[in-house]
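Q: Pasting a structure here, questions to come.
The values are calculated or read from the model by the stated rules, or taken from the named source; none is laboratory data. Note that the coordinates shown come from a computational prediction; the quantities given were computed from them, not determined experimentally. Please note: Cβ atoms are built from the backbone with ideal geometry, for glycine as well, and neighbour counts cover all protein chains shown. Side chains included, ligands, DNA and RNA excluded: accessible areas come from the protein's heavy atoms. Shrake-Rupley method; radii C 1.70, N 1.55, O 1.52, S 1.80 Å.
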Amino acid sequence: MTLKKLHYTSGLLLTLFIGIHLFNHLCSLGGIESHIAVMKTLRPFYRNILVESLVLAAVVLQILSGLKLFIGTRSAASRAEKLQRWTGLYMAIFVVIHVSSVLVGRFVLHLDTNFYYGTAGLNTFPFSLFFVPYYGLASLSFFGHLAAIHRQKMQYSFLGWTPGKQAIAILTLGFLLTAAMFYGLTNRFRGVSVPAAYHVLIGK
């Protein structure tokens, strides 16, 4: 298997997992209880030794192969190639930080990495100055990466939409979903009481 195929295959698994993760965040639009309830329903499917090992292996393969492709490939020529390269680089950095944070939360701090773990800093000033762009760019980079790959691989128009327009539609959807998630995770619950167990995350 070539490096590009390995990167593409591991990317498919991660795309599925990230899609489920983002869906869970969208459920926050129905309330904190809804977000946590959906998470508890989904966890048995992805938080088991087999699936979790596959996901972590895919993360490692995706980052290592992606960085090698980024360094070893000459400067991108098209806008889609540039978008793919730079969104991929940001996601690699984000995933390293995010996965490390979740593992520390679970195995060092012994916290349930649920809604409160992910949003304690997001809803607390001045930590929000870091977490808003940190999470926002991650979500937009994910959809930007998908749009760039779609633009390069798609050869046909669909219902009169050229591959370029389809890529723009993916990007637009990404912006809308990101805005919806931020509404659910922040504005809707502004002033939410963070449980005492999570105060360690915000310096209390």
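Q: Just tell me which aspartates and glutamates come within less than 17 Å, Cα to Cα, of residue 204; anything on the same chain fewer than 8 places away is out.
A: none
Q: Continuing with the same structure: Identify, among 184, 123, 139, the residue whose Cα sits farthest towards the positive end of the charge dipole of the stretch 104-204, taking +1 on the Cβ of Lys and Arg and -1 on the Cβ of Asp and Glu, with the dipole about the Cα centre.
A: 139
Q: Using alpha carbons only, how many degrees (0 to 90, rounded to 10) separate the axis of helix 32-46 from the longest principal axis of the chain?
A: 60
Q: Ratio to report: Rg/Rh of the stretch 1-49, with Cα atoms as the point set and Rh obtained by the Kirkwood method; give two decimals.
A: Taking Rh as the inverse mean 1/r over Cα pairs, Rg/Rh reads 1.16.
Q: Projected onto the charge dipole of the stretch 64-204 (+1 at Lys/Arg Cβ, -1 at Asp/Glu Cβ, origin at the Cα centre), which of 91, 175, 163 gives the Cα projection farthest towards the positive end?
A: 163
Q: Something else now. Tally Lys/Arg at +1 and Asp/Glu at -1 over every other residue whose Cβ is under 15 Å from the Cβ of residue 62; what's the total?
A: Spelling it out: positives minus negatives among the neighbours equals +4.
Q: Return the carbon/sulfur percentage of the accessible area of the stretch 49-121, one whole number, probe 1.4 Å, all protein chains in place.
A: On the way: 3090 of 4360 Å².
Solvent-exposed carbon and sulfur of the stretch 49-121 make up 71 percent of the total.
Q: To test your reading of the geometry: what angle, between 0 and 90 degrees and rounded to tens, separates the Cα axis of helix 3-26 from the longest principal axis of the chain?
A: 40
Q: For the stretch 76-129, what log10 I(q)/I(0) values come out of the Debye formula at q = 0.20, 0.24 1/Å, with one point per alpha carbon and no solvent?
A: -0.80, -0.93
Q: Test of the criteria: in the stretch 1-95, which GluC sites (Glu not before Pro) are in a DSSP loop and have at most 15 other Cβ atoms within 10 angstrom of their Cβ?
A: Within the stretch 1-95, no GluC sites (Glu not before Pro) qualify (loop, at most 15 other Cβ atoms within 10 Å).
Q: Please get the size of the charge dipole for the chain, origin at its Cα centre, with Cβ charges of +1 on Lys and Arg and -1 on Asp and Glu, quoted in debye to the nearest 20.
A: Numbers: 17 positive and 4 negative charges, 107 e Å.
Result for the chain is approximately 520 debye, rounded to the nearest 20.
Q: Assuming 0.36 nm per residue, please report the length gained on full extension of the stretch residue 165 to residue 49 beyond their Cα-Cα distance. Don't skip to the answer; put the middle values down first.
A: On the way: separation 116, 0.36 × 116 = 41.76 nm, distance 4.06 nm.
Extra length from residue 165 to residue 49 when fully extended: 37.7 nm.
Q: Compute the separation of the alpha-carbon centres of the stretch 78-128 and the stretch 168-187 and state it in Å as a whole number.
A: Going from one Cα centre to the other spans 17 Å.
Q: Using the alpha-carbon atoms, what tilt in degrees (0 to 90, nearest 10) does helix 79-107 show relative to the longest principal axis of the chain?
A: 30
Q: Restricting things to alpha carbons, tell me how big the chain is in terms of Rg and Dmax, in Å.
A: Calculated on Cα positions, Rg and Dmax stand at 18.0, 56 Å.
Q: Find, among the trypsin sites (Lys or Arg not before Pro) in the stretch 64-127, those assigned to loop by DSSP (not H, G, I, E, B) with at most 13 other beta-carbon atoms within 10 angstrom.
A: In loop regions of the stretch 64-127 (DSSP not H, G, I, E or B), the sparsely surrounded trypsin sites (Lys or Arg not before Pro) are 74.
Q: Among 41, 27, 10, whose Cα sits farthest toward the positive end of the charge dipole of the stretch 1-68 (+1 at Cβ of Lys/Arg, -1 at Cβ of Asp/Glu, about the Cα centre)?
A: Selected residue: 10.
Q: Report, in cubic angstrom per residue, the convex hull volume of the C-alpha atoms of the stretch 80-163.
A: On the way: hull volume 10.7 nm³, N = 84.
Output value, Cα hull per residue: 127 Å³.
Q: Accessible area per residue of the chain at 1.4 Å probe, in Å²?
A: Using a 1.4 Å probe on heavy atoms only, each residue of the chain averages 60 Å².
Q: May I pose another question? Quick one: accessible surface of residue 98, probe radius 1.4 Å, all protein chains present, in square angstrom to the nearest 10.
A: Accessible surface of residue 98 is approximately 40 Å².
Q: Separate question: Students often get this wrong, so check it: of 40/153; 68/153; 4/165, which have C-alpha atoms separated by over 29 Å?
A: 40/153
Q: If you filter the stretch 161-204 for chymotrypsin sites (Phe, Trp or Tyr not before Pro), then keep DSSP loop positions with at most 12 other Cβ within 10 Å, what is left?
A: Numbers: sites: 161, 175, 182, 183, 189, 198; in loops: none.
Filter output for the stretch 161-204: empty list.
Q: log₁₀ I(q)/I(0) of the stretch 1-122 at q = 0.10, 0.11, 0.19 Å⁻¹, via Debye over equal Cα point scatterers, no solvent, to two decimals?
A: -0.38, -0.45, -1.14
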